[in-house]
1. Search region 48-61 for residues that are within 15 Å of HIS89 (Cβ to Cβ) and pair each with any residue that is among the small types (Gly, Ala, Ser) and part of a loop (DSSP other than H, G, I, E, B) when their beta-carbon atoms are under 7 Å apart and the residues are at least 6 apart or on different chains.
2. State whether the residues of region 104-114 include one that is open to solvent by 30 Å² or more (accessible area, probe 1.4 Å), modelled with pLDDT of 95 or more and of a type outside the set (D, E, K, R).
3. Anything in region 12-25 that is open to solvent by 40 Å² or more (accessible area, probe 1.4 Å) and either assigned to a strand (DSSP E or B) or modelled with pLDDT of 85 or more (or both)? List them, or say none.
4. Please specify each residue of region 56-93 satisfying the condition of being within 18 Å of ALA110 (Cβ to Cβ) and either acidic (Asp, Glu) or open to solvent by 80 Å² or more (accessible area, probe 1.4 Å) (or both).
5. Go through VAL52, VAL117, VAL37 for me and flag whichever is loosely packed, with under 15 Cβ neighbours inside 10 Å, under 23 Å from THR3 (Cα atoms) and aliphatic (A, V, I, L, M).
Amino acid sequence: MSTVIEQTVQARLVAAAPRMPTIPATLHYDRRDPFAVRMTFPAPATLEGVEVCWTFARDLLVAGLREPEGQGDVRVRPYGYDRTVLEFHAPEGTAVVHVRNGEIRRFLEATSELVPVGLEHLQLDLDHGLAELMRDAC
């Protein structure tokens, strides 16, 4: 069984211009990091011209489908009846994208099949993690 889920979504970049370009972004989930989701934007879609990856809690994405969530660098909220807004805050500025709810729900359903919500802790190898910390401390 695979330990990774990747799904490409179409994200609409919200900009000052009236036309919002659509860019491909990739949602990524790895059972080895069961609480986290990554969203990667390709180099042509970024100001720096390099691929950008944001990591945030899967719970944030789940909750943000229903109501505004997040207080830090990543914030998620519903927008209309079929979209979700993701805001990514960095010192260089803020990126705001819209993603269709259906795409996010399909991704979250796949992640839940891999690791059910609430059972993430069962995926963690605490003994191995502690051993690594102890090894690095010496």
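The values are calculated or read from the model by the stated rules, or taken from the named source; none is laboratory data. Bear in mind that the values here come from a model prediction, so they are computed numbers and not experimental data. Neighbour counts are summed over all protein chains in view; Cβ atoms, including those assigned to glycine, are modelled from backbone coordinates with ideal geometry. For accessibility, only protein heavy atoms count, side chains too; no ligands or nucleic acids. Shrake-Rupley method; radii C 1.70, N 1.55, O 1.52, S 1.80 Å.
1. LEU60/GLY70
2. There is no residue in region 104-114 that is open to solvent by 30 Å² or more (accessible area, probe 1.4 Å), modelled with pLDDT of 95 or more and of a type outside the set (D, E, K, R).
3. If the condition is that a residue be open to solvent by 40 Å² or more (accessible area, probe 1.4 Å) and either assigned to a strand (DSSP E or B) or modelled with pLDDT of 85 or more (or both), then ARG12, LEU13, THR22, PRO24 are the ones that fit.
4. If the condition is that a residue be within 18 Å of ALA110 (Cβ to Cβ) and either acidic (Asp, Glu) or open to solvent by 80 Å² or more (accessible area, probe 1.4 Å) (or both), then ASP59 is the only one that fits.
5. Working: VAL52 fails: loosely packed, with under 15 Cβ neighbours inside 10 Å; VAL37 fails: loosely packed, with under 15 Cβ neighbours inside 10 Å.
The unique qualifying residue is VAL117.
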